[in-house]
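To keep things clear, I will list the structure first and then write my remarks on it.
Any read-out appearing in this document is the output of simple, stated calculations on the displayed coordinates, not a laboratory observation. This one's a predicted model, so the numbers in the text were calculated from it and none came from an experiment. All Cβ positions, glycine included, derive from the backbone under ideal geometry; neighbour counts span all protein chains shown.
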Amino acid sequence: MSNNIDLKRNNQNKVYQYIYMNGGPVSKYDLIEQLDLSLPTVNLILKYLSENHYIYDCGTFGSQGGRPPKAFTYNPHLYYSIGLDITRHHVHMVMIDLSGNIVEKTRVKIDFIPEESYYMSLHDKISEMTARSGIDREKILSVGIALPVMVNVEQQTVLHGSLTEFNNVTPETFSRYLGFPCLICNDANAGGLAESWNIKDIRNSFYLSLNNTVGGAILQNNQLYFGETYESGEIGHVTLINDGRLCYCGKKGCVDAYISALILSNSADGSLDKFFEYVKEKSPYHLNIWNEYLEYLAITVNNLKMLFDCSIIVGGYVGPYLEDFEDIIREKLIERNTYHEEAEYFRICRFKRYATAVGAALLNVENFLKTV
């Protein structure tokens, strides 16, 4: 009996995930052909999913003789998810629907302190954001929280990090104050998940996160690869220059010491906007910093391509500013790469500000998709 129940649930989940991942309308005949299921089985599953509002009838396909087949798609507004990107001095917050579309967002300047006052401030801001959205709390799946530290995603524990103030953070503490189930994750992994989510032409990628610290995420078949000890993708602490600049981790010559966002913002009163204004105005001092930065960035991206042979997506705080310099970066990559003459593997992030928060929220969506 239990085997039959498991089979029914598996088939139901296969159908729902296929409809979700397809993105557009599908017919029952698509499901029969692609999932190797019988017509009665598909009919029963579609009936259940429709009655419970997981999917809906969105019209018909063109007829090739006889009655035109119905078209089905998933309901993106059935549930919502909240994502937080927590850093030392700021929090980015988003609410997304099941498609990953941002419904509400906000940025709060607040210093991280693992004390009740901090958690209550987050509670108040989330309540304000939820009220603005008009979404019932019952429709919110949970809260995903991205942190600038390594996280064991299975045990939901912080492993370690140079930013020691985060080392004792737990999802249970957040849950107690926020009033929602919570999960924690690494910030670069969250950003990588957001940038690769439901992108048809990317299966394998490396996400290079250029925040105030440099991180990375490896995605195989659009699934995060965490490594054996949850330390995968830590490109920021790969040695770029032997015995080079001092990194915040205490070692010398790390990638982080050459291409973090702070390399740029520290020369412009802590503002990336101001830095790129200086570059636009051709300030010799800032152009020199920028040109050197681009060399180190090209070396890093090329090294990643040679190691992983996949798309390299560059994001984080610096990512959105790279669009005006894409041709220059591609030229530098072509000069360095042995095999590629067009640097077609290089991509600039889709999200301009909230990738990490969106990715944290998508982890909740990903978990939800497995339960239907």
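For the cross-link pairs Lys47/Lys70; Lys105/Lys274; Lys139/Lys370, the ones whose C-alpha atoms lie over 21 Å apart are Lys105/Lys274.
The Cα center of the stretch 174-196 and the Cα center of the stretch 132-154 differ in position by 5 Å. Shown here: the stretch 28-91, whose C-alpha atoms stretch 62, 23, 22 Å along the first, second and third principal axes, sorted largest to smallest.
Take every Cα pair under 8 Å whose residues are at least 6 apart in sequence, average their separation, divide by the length of the stretch 199-348, and the relative contact order is 23 percent. Scaling the Cα radius of gyration of the stretch 84-218 by the globular reference 2.2 N^0.38 Å produces a ratio of 1.05. The relative contact order of the chain, computed from alpha carbon pairs under 8 Å that lie at least 6 residues apart in sequence, is 16 percent. Residues Thr356, Thr239, Thr157, Thr338, arranged from fewest to most other Cβ atoms within 10 angstrom of their Cβ, appear as Thr338, Thr239, Thr157, Thr356.
Taking the C-alpha atoms only, the angle from helix 39-51 to the longest principal axis of the chain is near 70 degrees.
The value obtained for the stretch 204-363, namely the Cα convex hull volume divided by the number of residues, is 126 Å³ per residue. Let me see the P(r) profile for the stretch 239-299: every Cα-Cα distance counted, bins of 10 Å, each bin given as a percent of all pairs. Here the calculated profile for the stretch 239-299 is 24, 48, 25, 3.
Result for the chain in a Gaussian network model with C-alpha springs under 10 Å: among Ser27, Ser81, Ser232, the largest mean-square fluctuation is at Ser27. At most 16 other Cβ atoms within 10 Å and a DSSP loop assignment: could you name the GluC sites (Glu not before Pro) in the stretch 218-300 that fit? Passing both the DSSP loop test and the Cβ count: Glu228, Glu231, Glu281.
Taking 17 Å as the straight-line reach from the Cα of Lys14, the aspartates and glutamates in range (excluding those fewer than 8 positions away in the same chain) are Asp6, Asp30, Glu33, Asp36, Glu366.
With the alpha-carbon atoms of the chain aligned to their principal axes, the span from lowest to highest coordinate is 71, 54, 40 Å, starting with the largest.
Given springs between every Cα pair under 10 Å in a Gaussian network model of the chain, which of Gln223, Gln12, Gln155 has the largest fluctuation? Answer for the Gaussian network model of the chain: Gln155. When each of the peptides 320-327, 69-76 is scored by how many other beta carbons lie within 10 Å of its residues on average, the order from highest to lowest is 69-76, 320-327.
Under 19 Å of direct C-alpha separation, and excluding same-chain neighbours fewer than eight residues apart, Lys332 reaches these lysines: Lys305.
Phi angles across the stretch 236-251 convert, under the Karplus curve 6.51 cos²θ - 1.76 cosθ + 1.60 with θ = phi - 60°, into 3J(HN,Hα) values of x, 10, 7, 6, 9, 10, 4, 6, x, 4, 6, 8, 5, 6, x, 8 Hz, Gly and Pro given as x. For the stretch 71-131 versus the stretch 203-240, the spacing of their alpha-carbon centroids is 24 Å. Hey, how much of the P(r) for the stretch 269-334 falls beyond 18 Å, as a percent of Cα pairs? I get 39 percent for the Cα pairs in the stretch 269-334 exceeding 18 Å.
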